[in-house]
Amino acid sequence: MQNLSPSHHHIHFHNHLQYSTMAMACANHFPFMFLALFFVFEVLLASRALSRPFDEEFMLTRHQQWVAQHRRNYKDEEEKYTRFKIFKDNVERIEAFNAGVDRGYKLGVNQFADLTNEEFRVSRNGYKRKEAKFEANSQLSTSFRYTNVSVVPFIMDWRKRGAVTPVKDQGQCGCCWAFSAVAAMEGIIQLKNGKLISLSEQQLVDCDVGGEDKGCEGGLMDNAFQFIKQNKGLTTETNYPYVGQVGICNTQKASAHAAMITGYEDVPSNNENALLQAVANQPISVAIEASGFDFQFYSSGVFTGTCGTNLDHGVTAVGYGTATDGTNYWLVKNSWGSGCGENGYIRMKRDVAAKEGLCGIAMEASYPIV
Ligand SMILES: *[C@@H]1O[C@H](CO)[C@@H](O)[C@H](O)[C@H]1NC(C)=O
(Lines give C-alpha, C1' and ligand atoms only; values in the text may rest on other atoms or scores of the structure.)
Protein backbone atom coordinates (compact mmCIF):
# COMPACT_ATOMS: atom_id res chain seq x y z
CA MET A 1 0.00 0.00 0.00
CA GLN A 2 2.72 2.47 -1.00
CA ASN A 3 0.41 5.28 -1.91
CA LEU A 4 1.24 7.65 0.88
CA SER A 5 2.79 10.84 -0.38
CA PRO A 6 5.51 12.51 1.73
CA SER A 7 3.02 15.19 2.84
CA HIS A 8 0.76 12.54 4.31
CA HIS A 9 3.65 11.14 6.23
CA HIS A 10 4.41 14.56 7.55
CA ILE A 11 0.86 15.18 8.74
CA HIS A 12 0.67 11.84 10.35
CA PHE A 13 3.96 12.31 12.16
CA HIS A 14 2.98 15.77 13.27
CA ASN A 15 -0.32 14.63 14.79
CA HIS A 16 1.40 11.79 16.46
CA LEU A 17 3.89 14.16 18.10
CA GLN A 18 1.16 16.49 19.32
CA TYR A 19 -0.81 13.74 20.96
CA SER A 20 2.28 12.18 22.47
CA THR A 21 3.46 15.46 23.93
CA MET A 22 0.09 16.24 25.39
CA ALA A 23 -0.22 12.83 26.93
CA MET A 24 3.18 13.05 28.50
CA ALA A 25 2.71 16.58 29.80
CA CYS A 26 -0.35 15.59 31.78
CA ALA A 27 0.89 12.23 32.81
CA ASN A 28 2.39 13.51 36.09
CA HIS A 29 -1.02 14.31 37.49
CA PHE A 30 -3.12 11.39 36.45
CA PRO A 31 -0.65 8.84 35.25
CA PHE A 32 -2.98 5.90 34.71
CA MET A 33 -5.83 7.77 33.16
CA PHE A 34 -3.53 9.52 30.75
CA LEU A 35 -1.60 6.45 29.90
CA ALA A 36 -4.94 4.95 28.99
CA LEU A 37 -5.86 8.04 26.97
CA PHE A 38 -2.50 7.93 25.27
CA PHE A 39 -3.22 4.37 24.28
CA VAL A 40 -6.63 5.32 22.91
CA PHE A 41 -5.01 8.05 20.82
CA GLU A 42 -2.51 5.60 19.45
CA VAL A 43 -5.26 3.19 18.47
CA LEU A 44 -7.25 6.00 16.87
CA LEU A 45 -4.21 7.10 14.92
CA ALA A 46 -3.51 3.58 13.77
CA SER A 47 -7.07 3.05 12.58
CA ARG A 48 -7.08 6.45 10.87
CA ALA A 49 -3.93 5.49 9.05
CA LEU A 50 -5.69 2.40 7.71
CA SER A 51 -8.94 4.03 6.70
CA ARG A 52 -7.52 7.28 5.37
CA PRO A 53 -9.14 7.92 1.96
CA PHE A 54 -6.88 7.28 -0.96
CA ASP A 55 -5.50 10.19 -2.83
CA GLU A 56 -7.99 10.84 -5.63
CA GLU A 57 -5.40 11.68 -8.23
CA PHE A 58 -3.34 8.65 -7.46
CA MET A 59 -6.46 6.55 -7.81
CA LEU A 60 -7.34 8.13 -11.17
CA THR A 61 -3.91 7.21 -12.50
CA ARG A 62 -4.28 3.75 -11.13
CA HIS A 63 -7.65 3.37 -12.82
CA GLN A 64 -6.20 4.56 -16.15
CA GLN A 65 -3.41 2.01 -15.91
CA TRP A 66 -5.90 -0.69 -15.06
CA VAL A 67 -8.13 0.30 -18.03
CA ALA A 68 -5.14 0.07 -20.37
CA GLN A 69 -4.02 -3.25 -18.93
CA HIS A 70 -7.45 -4.82 -19.26
CA ARG A 71 -8.30 -3.09 -22.55
CA ARG A 72 -11.54 -1.70 -21.22
CA ASN A 73 -13.55 0.61 -23.45
CA TYR A 74 -15.95 2.99 -21.78
CA LYS A 75 -18.48 4.54 -24.09
CA ASP A 76 -18.27 8.05 -22.65
CA GLU A 77 -16.95 10.17 -19.78
CA GLU A 78 -20.02 9.46 -17.70
CA GLU A 79 -19.53 5.72 -17.83
CA LYS A 80 -15.83 6.20 -17.18
CA TYR A 81 -16.61 8.16 -14.04
CA THR A 82 -19.19 5.64 -12.80
CA ARG A 83 -16.69 2.84 -13.36
CA PHE A 84 -13.96 4.85 -11.67
CA LYS A 85 -16.09 5.24 -8.54
CA ILE A 86 -16.72 1.49 -8.40
CA PHE A 87 -13.03 0.80 -9.04
CA LYS A 88 -12.01 3.17 -6.25
CA ASP A 89 -14.48 1.64 -3.85
CA ASN A 90 -13.29 -1.87 -4.65
CA VAL A 91 -9.59 -0.97 -4.40
CA GLU A 92 -10.12 0.68 -1.03
CA ARG A 93 -11.94 -2.37 0.30
CA ILE A 94 -9.27 -4.70 -1.06
CA GLU A 95 -6.45 -2.67 0.50
CA ALA A 96 -8.30 -2.47 3.82
CA PHE A 97 -8.83 -6.23 3.82
CA ASN A 98 -5.17 -6.92 3.09
CA ALA A 99 -4.04 -4.52 5.82
CA GLY A 100 -6.41 -6.06 8.36
CA VAL A 101 -6.33 -9.29 10.34
CA ASP A 102 -4.55 -12.07 8.43
CA ARG A 103 -7.14 -14.63 7.37
CA GLY A 104 -4.75 -16.78 5.41
CA TYR A 105 -5.56 -15.31 2.01
CA LYS A 106 -5.15 -12.04 0.17
CA LEU A 107 -7.33 -10.08 -2.20
CA GLY A 108 -6.07 -8.36 -5.33
CA VAL A 109 -7.13 -5.86 -7.98
CA ASN A 110 -8.04 -8.19 -10.85
CA GLN A 111 -10.08 -7.88 -14.06
CA PHE A 112 -13.31 -7.54 -12.05
CA ALA A 113 -12.21 -4.33 -10.30
CA ASP A 114 -14.66 -2.02 -12.07
CA LEU A 115 -17.67 -4.27 -11.45
CA THR A 116 -19.96 -4.08 -8.47
CA ASN A 117 -20.40 -7.36 -6.69
CA GLU A 118 -23.89 -7.64 -8.13
CA GLU A 119 -22.69 -7.15 -11.71
CA PHE A 120 -19.97 -9.69 -11.09
CA ARG A 121 -22.48 -12.29 -9.88
CA VAL A 122 -24.72 -11.87 -12.88
CA SER A 123 -22.04 -12.09 -15.53
CA ARG A 124 -19.59 -14.70 -14.31
CA ASN A 125 -21.17 -17.69 -12.75
CA GLY A 126 -24.03 -19.75 -14.13
CA TYR A 127 -24.46 -22.90 -12.10
CA LYS A 128 -28.08 -23.92 -11.66
CA ARG A 129 -29.03 -25.63 -8.45
CA LYS A 130 -30.15 -29.22 -8.72
CA GLU A 131 -33.31 -28.50 -6.72
CA ALA A 132 -35.72 -29.26 -9.52
CA LYS A 133 -33.95 -32.48 -10.27
CA PHE A 134 -33.78 -33.50 -6.61
CA GLU A 135 -37.47 -32.92 -6.13
CA ALA A 136 -38.32 -35.02 -9.13
CA ASN A 137 -35.93 -37.86 -8.38
CA SER A 138 -35.25 -37.55 -4.68
CA GLN A 139 -34.65 -41.30 -4.35
CA LEU A 140 -32.30 -41.41 -7.29
CA SER A 141 -28.65 -41.66 -6.40
CA THR A 142 -25.90 -42.98 -8.58
CA SER A 143 -23.35 -45.50 -7.40
CA PHE A 144 -20.07 -44.17 -6.07
CA ARG A 145 -17.12 -46.17 -7.32
CA TYR A 146 -14.65 -44.75 -4.81
CA THR A 147 -16.64 -45.65 -1.72
CA ASN A 148 -14.17 -48.36 -0.66
CA VAL A 149 -11.05 -46.27 -1.22
CA SER A 150 -9.30 -46.42 2.15
CA VAL A 151 -5.87 -45.03 1.38
CA VAL A 152 -5.34 -41.71 -0.38
CA PRO A 153 -2.09 -39.77 -0.94
CA PHE A 154 -1.41 -36.89 1.45
CA ILE A 155 -1.32 -34.50 -1.45
CA MET A 156 -2.67 -34.65 -4.95
CA ASP A 157 -2.14 -32.29 -7.85
CA TRP A 158 -3.53 -33.60 -11.13
CA ARG A 159 -1.66 -30.85 -12.98
CA LYS A 160 1.58 -32.61 -12.10
CA ARG A 161 0.20 -35.85 -13.52
CA GLY A 162 -0.52 -34.10 -16.81
CA ALA A 163 -4.29 -34.40 -16.48
CA VAL A 164 -5.19 -30.71 -16.51
CA THR A 165 -5.24 -28.33 -19.50
CA PRO A 166 -4.23 -24.67 -19.10
CA VAL A 167 -6.75 -22.41 -17.35
CA LYS A 168 -9.50 -21.15 -19.69
CA ASP A 169 -11.67 -18.03 -19.54
CA GLN A 170 -15.44 -18.18 -19.85
CA GLY A 171 -15.61 -14.39 -20.31
CA GLN A 172 -18.99 -12.75 -19.78
CA CYS A 173 -21.02 -15.87 -20.32
CA GLY A 174 -22.56 -17.86 -17.47
CA CYS A 175 -21.41 -21.22 -18.79
CA CYS A 176 -19.12 -22.24 -15.93
CA TRP A 177 -21.01 -25.55 -15.99
CA ALA A 178 -19.52 -26.34 -19.42
CA PHE A 179 -15.97 -25.47 -18.29
CA SER A 180 -16.33 -27.52 -15.14
CA ALA A 181 -17.65 -30.58 -16.99
CA VAL A 182 -15.05 -30.33 -19.74
CA ALA A 183 -12.14 -30.01 -17.28
CA ALA A 184 -13.32 -33.13 -15.43
CA MET A 185 -13.68 -34.97 -18.73
CA GLU A 186 -10.23 -33.86 -19.95
CA GLY A 187 -8.90 -35.32 -16.70
CA ILE A 188 -10.46 -38.78 -16.93
CA ILE A 189 -9.62 -39.06 -20.65
CA GLN A 190 -5.96 -38.35 -19.89
CA LEU A 191 -5.96 -40.85 -17.02
CA LYS A 192 -7.49 -43.56 -19.24
CA ASN A 193 -5.76 -42.86 -22.55
CA GLY A 194 -2.59 -41.08 -21.51
CA LYS A 195 -3.37 -38.16 -23.80
CA LEU A 196 -4.33 -34.70 -22.63
CA ILE A 197 -6.79 -33.24 -25.15
CA SER A 198 -8.32 -29.81 -24.71
CA LEU A 199 -12.03 -30.30 -25.37
CA SER A 200 -14.80 -27.98 -26.56
CA GLU A 201 -16.98 -25.98 -24.17
CA GLN A 202 -18.53 -24.18 -27.11
CA GLN A 203 -20.02 -27.41 -28.36
CA LEU A 204 -21.88 -27.73 -25.06
CA VAL A 205 -22.94 -24.09 -25.11
CA ASP A 206 -24.31 -24.33 -28.66
CA CYS A 207 -25.56 -27.90 -28.83
CA ASP A 208 -26.59 -29.01 -25.32
CA VAL A 209 -29.79 -27.01 -25.49
CA GLY A 210 -32.60 -29.55 -25.33
CA GLY A 211 -32.82 -29.77 -21.54
CA GLU A 212 -31.95 -27.65 -18.54
CA ASP A 213 -28.62 -26.43 -19.82
CA LYS A 214 -29.02 -22.95 -21.21
CA GLY A 215 -25.75 -21.81 -22.71
CA CYS A 216 -24.66 -18.54 -21.12
CA GLU A 217 -27.72 -18.54 -18.86
CA GLY A 218 -26.51 -21.42 -16.74
CA GLY A 219 -26.54 -25.18 -16.57
CA LEU A 220 -25.48 -28.28 -14.69
CA MET A 221 -22.38 -30.44 -15.06
CA ASP A 222 -24.39 -33.65 -14.70
CA ASN A 223 -26.59 -32.62 -17.61
CA ALA A 224 -23.49 -31.85 -19.65
CA PHE A 225 -22.09 -35.34 -18.92
CA GLN A 226 -25.44 -36.83 -19.91
CA PHE A 227 -25.43 -34.85 -23.14
CA ILE A 228 -21.87 -35.92 -23.99
CA LYS A 229 -22.77 -39.53 -23.35
CA GLN A 230 -25.83 -39.35 -25.61
CA ASN A 231 -23.88 -37.46 -28.24
CA LYS A 232 -21.26 -40.23 -28.07
CA GLY A 233 -18.44 -37.80 -27.47
CA LEU A 234 -17.11 -34.29 -27.60
CA THR A 235 -14.87 -32.59 -30.12
CA THR A 236 -11.66 -30.64 -29.47
CA GLU A 237 -11.27 -27.03 -28.41
CA THR A 238 -9.31 -26.41 -31.63
CA ASN A 239 -12.04 -27.83 -33.83
CA TYR A 240 -14.90 -26.01 -32.07
CA PRO A 241 -13.28 -23.06 -30.32
CA TYR A 242 -14.80 -20.98 -27.55
CA VAL A 243 -16.41 -17.69 -28.56
CA GLY A 244 -18.13 -16.70 -25.31
CA GLN A 245 -21.69 -16.49 -26.62
CA VAL A 246 -24.38 -18.87 -27.76
CA GLY A 247 -24.44 -19.77 -31.43
CA ILE A 248 -26.19 -22.26 -33.63
CA CYS A 249 -24.92 -25.79 -33.08
CA ASN A 250 -22.39 -26.68 -35.76
CA THR A 251 -23.38 -30.32 -36.17
CA GLN A 252 -20.55 -31.07 -38.53
CA LYS A 253 -17.90 -29.94 -36.05
CA ALA A 254 -19.84 -31.46 -33.18
CA SER A 255 -19.77 -34.91 -34.77
CA ALA A 256 -15.97 -35.00 -35.02
CA HIS A 257 -15.59 -36.72 -31.66
CA ALA A 258 -12.18 -36.59 -30.02
CA ALA A 259 -13.13 -38.37 -26.78
CA MET A 260 -16.13 -39.96 -25.17
CA ILE A 261 -17.51 -40.90 -21.77
CA THR A 262 -19.95 -43.60 -20.80
CA GLY A 263 -21.79 -41.66 -18.11
CA TYR A 264 -21.29 -39.95 -14.78
CA GLU A 265 -21.66 -40.54 -11.04
CA ASP A 266 -22.38 -38.21 -8.14
CA VAL A 267 -20.13 -38.03 -5.10
CA PRO A 268 -22.26 -38.63 -1.97
CA SER A 269 -23.43 -35.19 -0.80
CA ASN A 270 -22.20 -33.25 2.19
CA ASN A 271 -19.22 -35.47 2.84
CA GLU A 272 -15.75 -34.03 2.38
CA ASN A 273 -14.27 -37.43 3.02
CA ALA A 274 -16.14 -38.89 0.04
CA LEU A 275 -14.97 -35.93 -2.00
CA LEU A 276 -11.41 -36.71 -0.94
CA GLN A 277 -11.79 -40.33 -2.08
CA ALA A 278 -13.01 -39.04 -5.42
CA VAL A 279 -10.42 -36.28 -6.00
CA ALA A 280 -7.65 -38.72 -5.08
CA ASN A 281 -8.71 -40.67 -8.17
CA GLN A 282 -9.63 -38.10 -10.80
CA PRO A 283 -10.45 -34.41 -11.27
CA ILE A 284 -13.99 -33.78 -9.99
CA SER A 285 -16.65 -31.25 -11.00
CA VAL A 286 -17.83 -29.29 -7.96
CA ALA A 287 -20.39 -26.55 -7.43
CA ILE A 288 -19.71 -23.69 -5.03
CA GLU A 289 -21.10 -20.35 -3.99
CA ALA A 290 -18.68 -17.91 -5.57
CA SER A 291 -20.52 -14.65 -5.36
CA GLY A 292 -19.04 -12.77 -2.41
CA PHE A 293 -16.68 -9.80 -2.49
CA ASP A 294 -13.83 -11.94 -1.20
CA PHE A 295 -14.36 -14.47 -3.95
CA GLN A 296 -14.52 -11.77 -6.60
CA PHE A 297 -11.08 -10.49 -5.58
CA TYR A 298 -9.35 -13.57 -4.14
CA SER A 299 -5.71 -13.48 -5.22
CA SER A 300 -3.68 -15.93 -3.13
CA GLY A 301 -3.52 -18.15 -0.08
CA VAL A 302 -6.05 -20.62 1.24
CA PHE A 303 -9.52 -19.11 0.88
CA THR A 304 -11.43 -19.33 4.14
CA GLY A 305 -13.74 -16.44 3.35
CA THR A 306 -17.33 -15.74 3.98
CA CYS A 307 -19.60 -17.64 1.68
CA GLY A 308 -22.82 -19.57 1.89
CA THR A 309 -24.17 -22.66 0.20
CA ASN A 310 -26.23 -20.97 -2.47
CA LEU A 311 -24.40 -22.81 -5.23
CA ASP A 312 -23.93 -20.61 -8.27
CA HIS A 313 -20.62 -21.58 -9.84
CA GLY A 314 -19.22 -24.76 -11.34
CA VAL A 315 -15.48 -25.37 -11.07
CA THR A 316 -13.19 -28.40 -10.94
CA ALA A 317 -11.34 -29.85 -7.95
CA VAL A 318 -8.00 -30.97 -9.40
CA GLY A 319 -6.22 -31.82 -6.17
CA TYR A 320 -5.80 -31.18 -2.49
CA GLY A 321 -3.06 -30.63 0.04
CA THR A 322 -1.96 -28.94 3.23
CA ALA A 323 -0.57 -25.38 3.34
CA THR A 324 2.60 -24.53 5.27
CA ASP A 325 0.52 -23.28 8.20
CA GLY A 326 -1.25 -26.64 8.42
CA THR A 327 -4.52 -25.64 6.75
CA ASN A 328 -5.94 -28.36 4.52
CA TYR A 329 -7.19 -27.18 1.15
CA TRP A 330 -8.86 -28.19 -2.10
CA LEU A 331 -7.03 -27.19 -5.26
CA VAL A 332 -9.70 -25.75 -7.53
CA LYS A 333 -9.40 -24.91 -11.23
CA ASN A 334 -11.50 -21.89 -12.13
CA SER A 335 -12.54 -20.61 -15.57
CA TRP A 336 -11.93 -16.90 -15.15
CA GLY A 337 -8.57 -16.79 -16.92
CA SER A 338 -5.09 -17.18 -15.51
CA GLY A 339 -5.00 -13.60 -14.23
CA CYS A 340 -7.37 -14.49 -11.40
CA GLY A 341 -6.36 -16.03 -8.09
CA GLU A 342 -3.23 -18.19 -8.11
CA ASN A 343 -2.71 -18.31 -11.89
CA GLY A 344 -6.36 -19.14 -12.36
CA TYR A 345 -6.59 -21.52 -9.40
CA ILE A 346 -8.03 -21.07 -5.96
CA ARG A 347 -7.11 -23.06 -2.88
CA MET A 348 -10.18 -23.46 -0.70
CA LYS A 349 -10.18 -24.58 2.91
CA ARG A 350 -10.84 -28.31 3.27
CA ASP A 351 -12.24 -30.16 6.31
CA VAL A 352 -14.40 -27.36 7.65
CA ALA A 353 -16.94 -27.79 10.44
CA ALA A 354 -19.95 -27.59 8.10
CA LYS A 355 -20.72 -30.89 6.38
CA GLU A 356 -21.44 -29.03 3.14
CA GLY A 357 -17.81 -27.94 2.96
CA LEU A 358 -16.63 -24.36 2.45
CA CYS A 359 -18.98 -22.53 0.04
CA GLY A 360 -20.89 -25.82 -0.36
CA ILE A 361 -18.06 -27.55 -2.23
CA ALA A 362 -19.11 -31.01 -1.01
CA MET A 363 -22.80 -30.64 -1.88
CA GLU A 364 -23.08 -31.45 -5.58
CA ALA A 365 -19.81 -32.97 -6.77
CA SER A 366 -19.77 -35.37 -9.71
CA TYR A 367 -17.49 -36.92 -12.31
CA PRO A 368 -17.62 -38.51 -15.73
CA ILE A 369 -16.85 -42.19 -16.16
CA VAL A 370 -15.27 -43.99 -19.06
C1 LIG B 1 -17.28 -51.96 -1.45
O2 LIG B 1 -17.06 -53.05 -0.60
C3 LIG B 1 -18.22 -53.83 -0.36
C4 LIG B 1 -17.86 -54.89 0.68
O5 LIG B 1 -16.69 -55.57 0.31
C6 LIG B 1 -18.69 -54.45 -1.64
O7 LIG B 1 -19.86 -55.21 -1.43
C8 LIG B 1 -19.00 -53.34 -2.66
O9 LIG B 1 -19.34 -53.89 -3.90
C10 LIG B 1 -17.80 -52.42 -2.82
N11 LIG B 1 -18.20 -51.28 -3.61
C12 LIG B 1 -17.52 -50.85 -4.65
C13 LIG B 1 -18.09 -49.68 -5.38
O14 LIG B 1 -16.48 -51.33 -5.01
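When the surface is traced with a 1.4 Å probe over the full set of protein chains, Lys195 keeps roughly 130 Å² accessible. Placing unit charges on the Cβ atoms only, positive for Lys and Arg and negative for Asp and Glu, gives the range 323-370 a dipole magnitude near 40 debye about its Cα centre.
Rolling a 1.4 Å probe over the protein chains gives Ile261 an accessible area of about 0 Å². Once the 1.4 Å probe is applied to the protein heavy atoms, the range 240-370 comes out at 34 Å² accessible per residue. In the context of the full protein assembly, Tyr264 retains an accessible surface of approximately 50 Å², using a probe radius of 1.4 Å and ignoring ligands and nucleic acids.
Computing FRET efficiency as 1/(1 + (r/R0)^6) for Glu57 and Thr306, where r is the C-beta to C-beta distance and R0 is 25 Å, gives about 0.15.
Structure note, pairs Lys192/Lys333; Lys229/Lys253; Lys106/Lys128; Lys88/Lys333: Cα-Cα distances above 22 angstrom occur for Lys106/Lys128; Lys88/Lys333.
Potential lengthening of the chain between Thr147 and Thr116 amounts to 6.9 nm, from the contour at 0.36 nm per residue minus the alpha-carbon distance. Computed in the context of the full set of protein chains, the accessible area of the range 250-338 at 1.4 Å probe radius has 43% of its extent on carbon or sulfur.
The values are calculated or read from the model by the stated rules, or taken from the named source; none is laboratory data. The shown structure was predicted, so the numbers you read here are calculated from the model rather than taken from an experiment. Using ideal geometry, Cβ is built from the backbone for each residue, glycine included, and neighbour counts are taken over all protein chains shown. Ligands, DNA and RNA are excluded from the accessible area calculation, which covers all protein heavy atoms including side chains. Shrake-Rupley method; radii C 1.70, N 1.55, O 1.52, S 1.80 Å.
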